[in-house]
Each structure stands twice: as structure tokens, then as C-alpha cells.
Amino acid sequence: MLAVALVMCATASAQSVEPKWKSQGLMDLTYSYVEVVSADASTVSDARDKAAQAIVQRRNLAVGAEMKVKVVDGKITSSGDQKMIVTARILDEYAEEVGYNNWRVYLLVQTLKHPQYSFENITVTDQYPFSARAFVPGMQQLYKGQKAKGIMFIAAEVACVGGIVVSEGLRTSNINLINSTHNAQQRAQYTDKANMWQNVRNGFIAATAAVYVWNVVDALAAKGARYVKQGSAQFALAPYTNGETVGFAMNVKF
């Protein structure tokens, strides 16, 4: 059906979701800053280096130093005639084509306030915790930043429910027409139409259930837009047996 086809198209187009951190403001942590910088260039590599240069630019101005910046294996390295140490690391990167032969690269960068400090545990993830939003069509997808997919799930579910209401109304109308006449030919025609609309209604019911189940599975399993997560607490629940008893083992890691 058309509604299901639209959801399939939206699911296919949601493979490269713009990260949530792209519009994030400065995070001022105890020992470091986490910020987003961007730059344009004709290649992704050049745009990446220009964005990294912006991180060091403030300290360049503060000490009057002229530093060259490169990105190597996710780390920002600087070199120059004067001694200036900038310790920073790239947490994530997102590139988009903004015109012919022109790329814009966004870097999510963590920079230490002092070179001797240690980085706080900041990670970028596309995994989202369980939420009751999963049981409302489209809500978890919208929360994950998958706007097109979320809207399509909502539209598909509304369209299917609307189809149920309309087809059931037409089925009921034809049943009433059957009871309003004694003409055998007309009663047969109304009966055929009532049966047809009943089949249509049943098809919409099946489609509604399919879209709903698909929505729940997608909400629980599909990855979303990448976002910044501070800390590394992990929770795990797994079954265990020792031959005599059966139970569950819970592990919480910080």
C-alpha cells in the first residue's frame, strides 16, 4: 500500500542522519571544553584541517603565536616556531556537500583547559535508551532525530486508521441498503458491495497492525542521530545457570 511504501522510502533515506551535536553549544566541563567548529573547502580533508585550525586560533591570538594545524588519526597536532601546546581530540565528524566542489566539515572537538589535564569521558553514540515513545507511532523516530521517518510512520498509521473508518462506514451503509429493499437483484448488489468493503476494511486493519509493529521494532532497534554522552555507565542483564538454579545476572559498570 502507499502508506507502507512511504515508510519504506523514509527508512531508506534515514541512513545518514545529521548528528544532534551539530547545533550544540559550548560544553564547559571541569577540565575541558567540548565545542563544534566548521569550515568550508574544496575537499573534505582541507575543510577538516581548516576547522581544526579554528580551535587553536584563540590561543594563537592570546600569545601572538603562528601555529600550523593538522589532523592525524583523530588528533589535532600543532607546530610552529613558538612553544604553545594545545591538547585536543576530535570526538566526531560530519561532512556535507554545500555546493559544487565545496564541502563543509563539522568537528566535535574536546580541548583541554591545560595540557596536563586529562580528558573527561565524553563519547558520541547513536544508541538511545528504551522509551515509552516507542509505542506511539513516529514519536521515538522524531526523538532520535529521524524526522522524515517519524512523520511517515505517523502519516501511514493515520491513513490506515482513516481507511478502516471509511471502509467500515461504506460497509455499514450497504448493509442498511440491503435491509431497505425487497428487490432480490438490488440486495445481491448491496451484499457484494458490503463484502467488498469488508475486505477493504480488513486489509486496512492488517496494514495498521503491520505499520504499528514495524514502528515499534524500528523504534527499539534503529540507530538515531549521533549525540554527546557524558560518562560511561553501562547496564547489562543476562540469564545464567549453574546446573542447579536459573536466574539473571545484573552488571552495572561506571
Quick one: go through region 191-210 and flag any residue whose amide nitrogen is under 16 Å from the point 7 Å out along the Cα-to-Cβ line of SER173. 191-201
Extension gain (nm, one decimal) between GLN186 and ILE205, 0.36 nm per residue minus Cα-Cα: 4.0 nm
Applied in sequence order to region 110-123, the curve 6.51 cos²θ - 1.76 cosθ + 1.60 (Karplus, θ = phi - 60°) yields integer Hz couplings, x standing for Gly and Pro, of 10, 10, 6, 6, 9, x, 8, 6, 10, 5, 5, 7, 10, 10
Placed amide H near SER32: partners under 5 Å, 5+ positions off or other chain: LYS113
Calculate, for ALA95 and THR30, the FRET efficiency according to 1/(1 + (r/R0)^6) with r their C-beta to C-beta distance and R0 30 Å; round to the nearest 0.05. 0.45
In debye, nearest 20, what is the charge dipole magnitude of region 131-214 about its Cα centre with +1 on Lys and Arg Cβ and -1 on Asp and Glu Cβ, if you could check? 240
Given LYS20/LYS229; LYS50/LYS223; LYS50/LYS144; LYS20/LYS50, the pairs whose alpha carbons are separated by over 20 Å: LYS50/LYS223; LYS50/LYS144; LYS20/LYS50
Taking region 132-222, how much of its Cα-Cα pair set, in percent, is spaced more than 15 angstrom apart? 63
Got a sec? Charge dipole of region 102-200, +1 on Cβ for Lys and Arg, -1 for Asp and Glu; which of VAL200, VAL136, PRO115 is way out at the positive end? PRO115
Compute the FRET efficiency between ASN195 and PHE135 as 1/(1 + (r/R0)^6), taking r as their Cβ-Cβ distance and R0 = 30 Å, and round to the nearest 0.05. 0.35
For ILE122, the net charge from surrounding residues (Cβ-Cβ under 11 Å; K, R +1; D, E -1) works out to 0
Which cross-chain or sequence-distant (5 or more) residues have an amide H under 5 Å from the amide H of ASP92, H modelled 1.01 Å from N in plane? LEU108
Under 9 Å, Cβ to Cβ, from ALA41 - net charge with Lys/Arg +1 and Asp/Glu -1: 0
Under 12 Å from the Cβ of SER167, count the other residues' Cβ atoms, weight Lys and Arg +1, Asp and Glu -1, and hand me the total. +2
Quick one: what are the phi-derived ³J(HN,Hα) couplings along region 184-200, Karplus 6.51/-1.76/1.60 with θ = phi - 60°, whole Hz, x for glycine and proline? 4, 5, 5, 4, 5, 5, 5, 5, 4, 5, 4, 5, 4, 5, 5, 5, 4
Can you work out the Karplus-derived ³J(HN,Hα) for every residue in region 149-154? Use 6.51 cos²θ - 1.76 cosθ + 1.60 with θ = phi - 60°, whole Hz, and x for glycine or proline. 5, x, 5, 5, 5, 5
Please list, ordered by chain and number, the residues whose modelled amide H lies under 5 Å from the amide H of THR87; skip anything fewer than 5 residues away on the same chain. LEU112
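Every number in this text was worked out from the coordinates using simple rules, so none of it is lab data. Values in this document were obtained by computation on a predicted structure and should not be read as measured data. Cβ atoms come from the backbone with ideal geometry, glycine included; neighbour counts cover every protein chain shown.
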